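The values are calculated or read from the model by the stated rules, or taken from the named source; none is laboratory data. Note that the structure is a prediction, hence the values are computed from the model and not measured. Glycine also receives a Cβ, built like all others from the backbone with ideal geometry; neighbour counts cover every protein chain displayed.
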Ligand SMILES: [Zn+2]
């Protein structure tokens, strides 16, 4: 460590040294071919529409951590799903919003109602006092959450049944059995494997137990359950609301906003068909009003692609303000995600389609929008009927550079701070 009065002198010398090293490196660096700039796709002016007065934002969070001083390595997780209802009119009338995002937190909370579902999930080697091994305890914990959780009329378990629409073969939960039993029939919560008699739970249809393994951390299995519960919570809420006259009136005024792509990946992709079918059924019951479900995506290949396109050469300046673009399958395959099969992009995983918006204020938002009136592949359908309403709602709520206010609020409710969550799990060591 230099003496305090020496520090400035040293850092100046270090700066010079770094400059010299990078100059020498530059002399050796071969000239790359400069990329021809990609043409800007057909960003269309959008029609100014009325935003939805209420936003319901849904976000989940989970952490996974080791319980100290236990052998073999024993782990657990916490999972949280939050639904926040935001009165947009009142929110926008609060001082200083949305430009700075800084406002009195008490006033901010007065514009919201929220509901949070939380659960502790066993990780590897976590056995229960009643003798369940970790993987079985994990399965029964999910099953209990499905049977007890609801945001209105039915349990999350019944919502899952509605999305599955029938039984499916899975790997027998008994690791010593090689058969492929069926998941429980509609309205049943459990069934049995014909070959070994093992209980098959409705929760097993999500197949997270297939990637749960005592030999390695099970954060991926927990993450899959979080994603499944986010989708189930949304659909549970929509199915409950559409059943009543007042619920249908509410649906016509609400924009539902999720975080991340509107999609179900990997083993929970089994939910996607059911979600598409349910969104269409709910939209038909609402007619002539429309269902608006969308999401904001903050990272990933799409976000990166449109960020690069928007450099001209200064960041965020090439796409004209007040325009939107709906990439179709050809555009996605040629520019964003290479075609590896004949299948259209996202056909078996997505229940929304990508949408890029440059607002009048110059914010670039990357959204996914559900399109209940169209059948997949959504990327080849005409523009969604709710397009202008979705843009108007999103544009009003953008904050910061390319962020989305309702999701920041939902995330604040759902987020389990890593340090706090880890401490809670560590406290199990004493029990
Ligand atoms: Zn079996």
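Scan the stretch 164-182 for residues that are out of contact with any strand residue (DSSP E or B) (no Cβ under 6 Å at 6 or more places or on another chain) and surrounded by 19 or more Cβ atoms within 10 Å (Cβ to Cβ) and report the count.
The qualifying residues number 4.
Just to check your reading of the model, which residue among 365, 378 is modelled with pLDDT of 80 or more, within 16 Å of the chain's Cα centre (by Cα) and surrounded by 19 or more Cβ atoms within 10 Å (Cβ to Cβ)?
After applying the criteria, what remains is 365.
For the stretch 335-352, give me each residue that is over 20 Å from residue 269 (Cα atoms) and surrounded by fewer than 13 Cβ atoms within 10 Å (Cβ to Cβ).
Result: 338, single match.
Across the stretch 180-196, what is the total count of residues that are over 18 Å from residue 225 (Cα atoms), more than 11 Å from the ligand (Cβ to nearest atom) and not in a strand (DSSP E or B)?
Matching residues across the stretch 180-196 total 5.
Criterion first (within 16 Å of the ligand (Cβ to nearest atom), loosely packed, with under 15 Cβ neighbours inside 10 Å and not in a helix (DSSP H, G or I)) does residue 128 satisfy it? It would help to see each step written out before you state the result.
Details: within 16 Å of the ligand (Cβ to nearest atom): no; loosely packed, with under 15 Cβ neighbours inside 10 Å: yes; not in a helix (DSSP H, G or I): yes.
Considered against the rule, which asks whether it is within 16 Å of the ligand (Cβ to nearest atom), loosely packed, with under 15 Cβ neighbours inside 10 Å and not in a helix (DSSP H, G or I), residue 128 comes out as no.
Please specify each residue of the stretch 288-300 satisfying the condition of being modelled with pLDDT of 95 or more and either over 16 Å from the mean Cα position of the chain (by Cα) or loosely packed, with under 13 Cβ neighbours inside 10 Å (or both).
Matches in the stretch 288-300: 288, 289, 290, 291, 292.
Please state which one of 311, 243 is part of a loop (DSSP other than H, G, I, E, B) and under 19 Å from residue 85 (Cβ atoms).
Selected residue: 243, the only one of 311, 243 that is part of a loop (DSSP other than H, G, I, E, B) and under 19 Å from residue 85 (Cβ atoms).
Go through the stretch 134-179 and give me each residue that's in a loop (DSSP other than H, G, I, E, B) and away from the ligand (no atom under 16 Å from the Cβ).
149, 150, 151, 152, 153, 154, 155, 165, 166, listed by residue number.
From the list 213, 199, 204, which one is surrounded by fewer than 22 Cβ atoms within 10 Å (Cβ to Cβ), within 16 Å of the ligand (Cβ to nearest atom) and either at pLDDT 95 or above or more than 18 Å from residue 349 (Cβ to Cβ) (or both)?
That would be 199, the only listed residue that is surrounded by fewer than 22 Cβ atoms within 10 Å (Cβ to Cβ), within 16 Å of the ligand (Cβ to nearest atom) and either at pLDDT 95 or above or more than 18 Å from residue 349 (Cβ to Cβ) (or both).
For the structure I just gave you, tell me whether residue 192 is surrounded by fewer than 16 Cβ atoms within 10 Å (Cβ to Cβ), more than 30 Å from residue 293 (Cα to Cα) and touching a residue at least 40 places away in the same chain (Cβ under 8 Å).
Here the answer is no, as residue 192 does not meet what is asked.
Write out, first by first residue and then by second, each pair whose Cβ atoms fall under 7 Å of each other, whose residues are 6+ apart or on separate chains, and whose first residue, in the stretch 77-104, is within 30 Å of residue 225 (Cα to Cα) while the second is modelled with pLDDT under 80 and assigned to a loop (DSSP other than H, G, I, E, B).
78/416; 80/416; 86/111; 87/111
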